[in-house]
Amino acid sequence: MDSLLKHMVDMTGHRDHTMLDVSVISAVQELACASQTRVLALSNVRGQVFVRARAIIVAGSPARMEDNLDPALPGEPLSDYPALAACIARHETSCDTLCADGRHLLWLPIWIGDQVTTCLEITNPTPYTGATIQVIGGIVSVYRNFQNLLDYSERDSLTGLLNRKTFDDQLAKILQSRGELDSEAGRPADEERRHHSNTEQQWLAVVDVDHFKLVNDKFGHLYGDEVLILIANLLQSSFRSQDRIFRFGGEEFVVLLRSITLDNAQKIIDRFRTNVASHDFPQVGKVTVSVGFVSINAFEAPVIILGRADQALYYAKSHGRNLACHYDELVEKGMLTTIASNDTAEFF
């Protein structure tokens, strides 16, 4: 009982999804004496559900976040897990199946409303008793409720996208992670950003709805809100499952694109832009967006990175709108000139 209470206190002490995942699989691993426990993320990509491991713990080793060797792939199709797919289709809370090699897999989908985006997978040589499953079920209930609370605090109430505070936290983590990798690789601070169309980078894109004030003035705020919700839906369907999308406020959105080349970043951003331009918005008709984007340099302050993306966005807005502009390309072509920069501001 003391161990269970300790894990409950540990789980509810986190304010971060990553640490919550590590905490829950550590609790399950110890209390259930499992051989392996994983947190699986389920994502819907163009109508097909994929499964990707998000965190893992193996008996005798500490819990860790799972490395995704190819972040461009959304994971394995849910159809590769027929027992789990059937469990979710029947809206069940658990499923125990016997593998060909004799292992027992216990799947526990985390239901939030009628949606499942997370599932615990517990591997054990033998089936669990009813008492053990009851203990695990209690841990899962706490995990589900706390995950729901974290989601609520991290999301914009209108669009359901991640909010500004969450953006600040996630950008800081990306910069810290890239800074550690670049320091280990011995890269100098000014080596990043230019001439890297074939090198995978992290990217930040700022999206602004063109002439949004006119939409509100002509059709009213209810239709304006509907435009923002539909733009949010198009953002989610146009970008990849591993990219992070935020509503910054008003008609402005930000996207963090992970591990991708410049050429592919440009293609994905343009795909979203053209998807918006070709969409028929109820009552309003046609709407377009402008985008400015920049590569993320771990040795620069967040305000500098965001300021450069804003610069590229302003260029797109002032040169016809419905454009996606890359900051470095504009600088290299002499269309933008950076005069000076420091850790808190940039003047141009």
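The values are calculated or read from the model by the stated rules, or taken from the named source; none is laboratory data. Quick caveat, the model's predicted, so the values are computed rather than measured. Please note: Cβ atoms are built from the backbone with ideal geometry, for glycine as well, and neighbour counts cover all protein chains shown. Heavy atoms of the whole protein, side chains included, go into the accessibility calculation; ligands, DNA and RNA do not. Shrake-Rupley method; radii C 1.70, N 1.55, O 1.52, S 1.80 Å.
Here S61 passes the criteria (1) among the hydroxyl-bearing types (S, T, Y); (2) part of a strand (DSSP E or B); (3) at pLDDT 90 or above except the one numbered (2).
Residue under question is L222, and the condition is that it be without any contact (Cβ under 8 Å) to a residue 60 or more places away in the chain, outside any loop (DSSP other than H, G, I, E, B) and not small (G, A, S); does it hold? It is true that L222 is without any contact (Cβ under 8 Å) to a residue 60 or more places away in the chain, outside any loop (DSSP other than H, G, I, E, B) and not small (G, A, S). Contact annotation: residue pairs with Cβ atoms under 9 Å, 6 or more positions apart or on different chains, pairing a residue in segment 326-348 that is farther than 14 Å from S295 by Cβ with a partner that is open to solvent by 70 Å² or more (accessible area, probe 1.4 Å) and modelled with pLDDT of 85 or more, are M335/H319; M335/E329; D343/V303; T344/V303; A345/V303; E346/V303. Which ones in segment 274-303 are buried (at least 19 other Cβ atoms within 10 Å of the Cβ) and more than 19 Å from R258 (Cβ to Cβ)? Passing the criteria: V276, V287, V289, S290.
For residues that are touching a Phe, Trp or Tyr at 6+ places or on another chain (Cβ under 9 Å) and not β-branched (V, I, T), scanning just segment 153-174, find the one that is farthest from I231 (Cα to Cα). Top of the filtered list is Q170. Filtering segment 109-143 to residues that are in contact with a Ser or Thr (Cβ under 9 Å, 6 or more places away or on another chain) and either closer than 18 Å to S43 by Cβ or of a type in the set (S, T, N, Q) (or both) leaves P109, I110, W111, I112, T117, L120, E121, T123, N124.
Condition check ((1) under 23 Å from N148 (Cβ atoms); (2) at pLDDT 90 or above; (3) of a type in the set (A, V, I, L, M); (4) touching a strand residue (DSSP E or B) at 6+ places or on another chain (Cβ under 7 Å)) across all residues:
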{"site": "T12", "(1), (2), (3), (4)": "yes, no, no, no"}
{"site": "R15", "(1), (2), (3), (4)": "yes, no, no, no"}
{"site": "A27", "(1), (2), (3), (4)": "yes, no, yes, no"}
{"site": "S35", "(1), (2), (3), (4)": "no, yes, no, yes"}
{"site": "S43", "(1), (2), (3), (4)": "yes, no, no, yes"}
{"site": "R54", "(1), (2), (3), (4)": "yes, no, no, yes"}
{"site": "M65", "(1), (2), (3), (4)": "yes, no, yes, yes"}
